[in-house]
Amino acid sequence: MKKTFAAKSWLVFCLIAIIEMFSFFGYYFPQFNEAAFFIIIAVVIVAACEDLALGVGVLLAELFLGSKGYLFHLDVCGFQISWRIALWAVVMAIWAFKAIKRRLQDQEELVTADQHDFLKPYLLLLFFVIIGAVNGLVRGHSLNNWFLDLNGWIYFTLIFPLYEIFIKKDKAINWQRLKVLFYAAMYFLCLKTILVFLLLKYGQGDFALDIYRWVRTSGVGEVTITDTEFYRTFFQSQIFIIAVLIIDFFSYISAIAQKKISLARLSRYYFNFILFTGVILISLSRSFWFGLGLAMLTALVLILIREGKKIFWHSTSFIVISTLAAIGLVALLAWTAPQDFLMRTNINKNEPAVASRWALLAKIGEEIKEAPILGQGFGATITYLSKDPRVNGEYTTYAFEWGWLDVWLKLGLLGLLTYLFIFVQNIYAGLKSKDYMANAVAITLLALGLVNIFSPYVNHPLGIGLLLLGALAIVTKQKIR
């Protein structure tokens, strides 16, 4: 079983590497990028028609790695269609066709009673999303801003094909497939982060510059150099590194509690935790550090209550040792003193990123007061004084760093409370479970909600995808119990 899992993971890892290489090659030759776009979409259509789970697998792989979703794109009349949108359209269209066909031929219900109960809060949130869409149009917001602000929310419609795949049909094998895909994607994301970091830190000439430009133009992430000459390598999709880190940590706790851990297995847990933590450190994302830190503290409290002091101290020492090793690893890779990147934890109000966030906070509070209950709808903008070196002046945007306040401004207080209810409901269900993986998912969703305080994720396909997979994993565990 373990050999099969490893073999499949390596195969998926290699396929992912090939796709990423195609994207980088497409940076040099735009025609190749568009040709690859059509070929990949065509292959996904054929595969999804045969087995919808295969189409969903490609869609999720793109989500785990693609950040903004533009590894491949198609230019149509000056408008870029990302392969993320194309994959979503393909999966939703094939799911709808198959569902309607089953309804007509087999009289199968489109929505079962169990599914209806599960969907209730999400349908209520959809109601407020529709109000936000209409509200934005009525208020006359820019159509371009309105569309760009709204389009991420359409990922909530994936709840239907995801439910079918992971709850209704062949759920055991599909969860196993997801595990193979997820770990392969996370290992590759770690490798990509470290390679980009090293190439830009030590690389010379046009190739290093092309790597930087590809990262920026493909929307994979951002690379910036700090005052201490540390190359901050931040990919938005690293939010999933937090997820796999927490899941692997609870897998370690489960093995310790059941006394089913060998030296080889223990070494693998330490390797994973050090690697994943190192990548989070390289990101220099204070939002990630904040969300992960509080989530892990919550996990330790849960372990103390459930398992007692012995397992608690095992867990604490595991985290401390692994984190110190990860700090040492990053310092070695950067050939710098740890304080040169850990100084990021010191919050200076005059720092451009911090000053800009505080300036935005004051403005967003004023805008929320204008329509606190139903919000101002999608496409609402705010103008504030940004100290970002790329702007350094007045800046107008529809996308805000304060994630939950963004939801409040666009969907109103009722929409915000509905969304928070979905998070609390899933976190509570996961924490009260006696299953370690359900606990891990709950802590992951807690981390996502905390990260979203300072960085927008729950209005983006990355956060929405993570939330839906987490909610379905908790439902699966409840059904098994």
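The values are calculated or read from the model by the stated rules, or taken from the named source; none is laboratory data. Computed from a prediction, not measured in an experiment: that's the story for all the values here. Cβ coordinates were reconstructed from backbone atoms using ideal geometry, including for glycine residues, and neighbour counts include every protein chain displayed. We work out accessible area using only protein heavy atoms, side chains counted, and drop any ligands, DNA or RNA first. Shrake-Rupley method; radii C 1.70, N 1.55, O 1.52, S 1.80 Å.
Comparison of Ile173, Ile167 shows that the only residue that is part of a helix (DSSP H, G or I), farther than 30 Å from Ala399 by Cβ and open to solvent by 50 Å² or more (accessible area, probe 1.4 Å) is Ile173.
Answer with yes or no whether Ile474 is closer than 16 Å to Ile246 by Cβ and without any contact (Cβ under 8 Å) to a residue 24 or more places away in the chain. Taking the combined requirement at face value, the residue does not satisfy it.
Hey, can you tell me all the residues within the range 1-14 that are surrounded by 14 or more Cβ atoms within 10 Å (Cβ to Cβ) and modelled with pLDDT of 90 or more? Val12, Phe13, listed by residue number. Going by the structure shown, is Leu74 in contact with a strand residue (DSSP E or B) (Cβ under 7 Å, 6 or more places away or on another chain), among the aliphatic types (A, V, I, L, M) and surrounded by 12 or more Cβ atoms within 10 Å (Cβ to Cβ)? Against the criterion (in contact with a strand residue (DSSP E or B) (Cβ under 7 Å, 6 or more places away or on another chain), among the aliphatic types (A, V, I, L, M) and surrounded by 12 or more Cβ atoms within 10 Å (Cβ to Cβ)), Leu74 qualifies. Please work out if Val220 is open to solvent by less than 10 Å² (accessible area, probe 1.4 Å) and assigned to a loop (DSSP other than H, G, I, E, B). Yes. One residue alone among Leu124, Leu119, Leu137 is in contact (Cβ under 8 Å) with a residue 40 or more places away in the chain and in contact with a Ser or Thr (Cβ under 6 Å, 6 or more places away or on another chain), and that residue is Leu124.
Evaluation of Ser285 against the conditions (1) crowded, with 22+ Cβ neighbours inside 10 Å; (2) free of Cβ contacts under 8 Å to residues at least 60 places away in the same chain shows that the sole unmet condition is (2). Here Lys120 meets the list (1) loosely packed, with under 12 Cβ neighbours inside 10 Å; (2) among the charged types (D, E, K, R); (3) farther than 27 Å from Ala243 by Cα almost entirely, failing just condition (3). Here Ser237, Ser254, Ser218 are screened, and the one residue that is of a type in the set (S, T, N, Q) and within 18 Å of Phe182 (Cα to Cα) is Ser237. Beta carbons closer than 8 Å, at least 6 apart along the sequence or on distinct chains, never pair a first residue in the range 78-106 that is modelled with pLDDT of 90 or more and part of a strand (DSSP E or B) with a second that is surrounded by 17 or more Cβ atoms within 10 Å (Cβ to Cβ) and acidic (Asp, Glu). Here the range 246-266 is the region considered, the condition is being among the hydroxyl-bearing types (Ser, Thr, Tyr) and at pLDDT 90 or above, and the residue that is least open to solvent (accessible area, probe 1.4 Å) is Tyr252.
Name the residue that is surrounded by the fewest Cβ atoms within 10 Å (Cβ to Cβ), counting only residues in the range 41-71 that are part of a helix (DSSP H, G or I) and among the charged types (D, E, K, R).
Glu50
Only one of Gly140, Gly136, Gly132 is open to solvent by less than 80 Å² (accessible area, probe 1.4 Å), modelled with pLDDT of 90 or more and either touching a strand residue (DSSP E or B) at 6+ places or on another chain (Cβ under 6 Å) or assigned to a loop (DSSP other than H, G, I, E, B) (or both). Can you tell me which?
Selected residue: Gly140, the only one of Gly140, Gly136, Gly132 that is open to solvent by less than 80 Å² (accessible area, probe 1.4 Å), modelled with pLDDT of 90 or more and either touching a strand residue (DSSP E or B) at 6+ places or on another chain (Cβ under 6 Å) or assigned to a loop (DSSP other than H, G, I, E, B) (or both).
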